[in-house]
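Novice: Take this structure, written in structure tokens, and hold onto it; I'll ask about it next.
The values are calculated or read from the model by the stated rules, or taken from the named source; none is laboratory data. Quick caveat: nothing in here was measured; it's all calculated off a predicted structure. Reconstructed Cβ throughout: ideal geometry from the backbone, glycine too, with neighbour counts over all protein chains shown. For accessibility, only protein heavy atoms count, side chains too; no ligands or nucleic acids. Shrake-Rupley method; radii C 1.70, N 1.55, O 1.52, S 1.80 Å.
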Amino acid sequence: MPINVFPWPPVGAVGAEWTLDAPTARLRSMLTGRDQIQASQRRRRVATVQVSALAAGRMGAGYCEMLKQLLDGGIHAVRLQSSPINWWLDELERRGGAYNSSGLAWRAGSGPDPLAWQTAGGQPLTIYVGTVITGGAPTSAGLWGYLPISGAPANTLVARPGDFIRIYDLGDASSWEVARIVRPARTNGNGNVTLKLDRVPTISGGRVNLAGQDEAVFRVDGGLPRAVQPVSGDWAYTWNFREVFADEVGGFTERPGTWT
């Protein structure tokens with residue numbers, strides 16, 4: 001039976017971690033005496049989020065208590081996006097329009113249908129907000145993937161090791177993939193650089209957002225958090241999560257719009 005997957009509420013986070021857990025087993029050969037280490041379970045993402053009770057209009061505690069009720073003791077799950085590397089130092093700039101773009105949703109008056117802008121050749125015309133950074137053809141060498149990009153700010157450090165990028169198919173914005181930066185990326189005078197990635201992307205010639213976040217579905221790891229309210233000052237809920245896969249629980253039922 002599928003479990004419900006709720007979006008993360010709009011709370012104020014004061015601390016976060018996003019990392020991987022890859023359990024291994026160590027074996028010793030009876031013949032050679034050599035140690036062998038191999039994966040013993042699926043690799044999973046694990047996350048921790050510390051939520052301020054008083055941030056976001058003093059709604060943090062209420063959102064946390066409501067989320068606890070919705071998760072029903074930990075049966076159901078929540079969809080999370082990764083916390084950035086160098087969160088408060090670099091992320092505000094990285095999320096700006098110089099590093100990312102998004103499609104502009106035109107509407108015909110008050111109607112529900114978007115305006116059908118087209119090129120002279122009759123193809124759909126999409127207008128973007130922000131700088132459109134374009135990826136070239138991905139390549140591979142050894143363990144790594146490489147993606148040339150153009151259109152980024154010139155002579156600028158645009159990505160650091162551990163940053164996530166998100167690559168969108170230009171023909172279908174709902175088709176995207178995430179990759180992670182392996183080495184620092186500094187553009188040349190024309191705004192070009194080749195990104196070294198932890199995997200080989202499958203989208204060629206896509207639109208690249210340099211502040212893309214990783215994303216996964218999680219169940220609470222351990223008990224649901226409790227937090228004691230003091231007589232004055234802020235307090236916090238500490239949520240610990242472990243990734244869960246759809247094939248382990250009979251599927252996911254997404255619950256968008258929970259907090260609107």
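Novice: Please compute the per residue accessible area over the chain with all protein chains in place, 1.4 Å probe, rounded to a whole number of Å². It would help to have the intermediate numbers written out before the result.
Specialist: Values: 14850 Å² over 260 residues.
Heavy-atom accessible area per residue stands at 57 Å².
Novice: Highest mean first, what order results for 241-254, 28-41, 208-221 on Cβ atoms within 10 Å? Before the final figure, lay out each step's value.
Specialist: Values: 241-254: 14.4, 28-41: 8.6, 208-221: 20.4.
Answer by packing, highest mean first, reads 208-221, 241-254, 28-41.
Novice: In addition: Below 8 Å between Cα atoms, with a sequence gap of 6+, how large is the relative contact order for the chain in percent? Mind showing how you got there, number by number?
Specialist: Details: 556 pairs, mean separation 64.2, N = 260.
After rounding, I find 25 percent.
Novice: In addition: Treating the beta-carbon of each Lys and Arg as +1 and of each Asp and Glu as -1, no other charges, what is the dipole magnitude of the chain about its Cα centre, to the nearest 20 debye?
Specialist: Numbers: 25 positive and 22 negative charges, 117 e Å.
Rounded to the nearest 20 debye, it is 560 debye.
Novice: Would you pull out the residues with amide H under 5 Å of Gly206's amide H, same chain only if 5 or more places away, H placed 1.01 Å from N?
Specialist: Gly135
Novice: For Val14, which sequence-distant residues (separation of 5 or more, or a different chain) have an amide H within less than 5 Å of its own amide H, given hydrogens modelled in the peptide plane?
Specialist: It is Gln50, Val51, Ser52, by chain and number.
Novice: Another question, then. Residue-wise, which Karplus ³J(HN,Hα) couplings in Hz belong to segment 163-180, taking 6.51 cos²θ - 1.76 cosθ + 1.60, θ = phi - 60°, and x for glycine or proline?
Specialist: 5, 9, 10, 10, 10, 10, 5, 4, x, 7, 5, 7, 9, 8, 8, 10, 9, 10
Novice: What percentage of the solvent-accessible surface of the chain, computed with a 1.4 Å probe over protein heavy atoms, is contributed by carbon and sulfur atoms?
Specialist: Numbers: 7750 of 14850 Å².
Within the chain, the accessible surface is 52 percent carbon and sulfur.
Novice: Let me ask something additional. Around Arg28, under 12 Å between beta carbons, what's the net of Lys plus Arg minus Asp minus Glu among the other residues? Present the calculation step by step, with values, prior to reporting the outcome.
Specialist: Numbers: positive: Arg26, Arg34; negative: Asp35.
Net of charged neighbours comes to +1.
Novice: Calculate one ³J(HN,Hα) per residue across segment 186-197 by plugging θ = phi - 60° into the Karplus curve 6.51 cos²θ - 1.76 cosθ + 1.60, and present them in order as whole Hz with x for glycine and proline.
Specialist: Using θ = phi - 60°, the values come out as 10, 6, 8, x, 9, x, 10, 6, 9, 7, 9, 10 Hz.
Novice: Now for a separate question. List the residues whose amide H sits under 5 Å from the amide H of Arg199, counting only those 5 or more places along or on another chain, with H placed 1.01 Å from N in the peptide plane.
Specialist: Hits under the 5 Å cutoff: Gly145, Arg180.
Novice: Then there's this: Using Cα pairs under 8 angstrom and six or more residues apart, how large is the relative contact order of segment 1-111, in percent?
Specialist: On the way: 118 pairs, mean separation 32.7, N = 111.
Relative contact order for segment 1-111 comes out at 30 percent.
Novice: Place +1 on the Cβ of every Lys and Arg and -1 on the Cβ of every Asp and Glu in segment 14-56, take the dipole about the Cα centre, and give the residue among Leu31, Gln50, Trp18 whose Cα lies farthest towards its positive end.
Specialist: Of the options given, the answer is Leu31.
Novice: Right, next: Excluding Arg44 itself, calculate the net charge of residues whose Cβ lies under 12 Å from the Cβ of Arg44, where each Lys or Arg counts +1 and each Asp or Glu counts -1.
Specialist: Working: positive: Arg42, Arg43, Arg45, Arg219, Arg242; negative: Asp21, Asp221, Glu243, Glu248.
Local net charge: +1.
Novice: Another one. Quick check: residue separation of Ser140 and Ala22 times 0.36 nm, minus the Cα distance between them. What number comes out in nm? Can you show the working numbers first?
Specialist: Working: separation 118, 0.36 × 118 = 42.48 nm, distance 2.39 nm.
Length gained between Ser140 and Ala22: 40.1 nm.
Novice: On to the next question. Based on the mean of other beta carbon atoms within 10 Å per residue, what is the order of 223-231, 13-21, 164-172, most packed first? Can you show the working numbers first?
Specialist: Details: 223-231: 10.9, 13-21: 14.1, 164-172: 18.7.
Output ranking for 223-231, 13-21, 164-172: 164-172, 13-21, 223-231.
Novice: In percent, what relative contact order does segment 131-260 have, based on Cα pairs under 8 Å that are 6 or more apart in sequence?
Specialist: Numbers: 262 pairs, mean separation 32.2, N = 130.
That works out to 25 percent.
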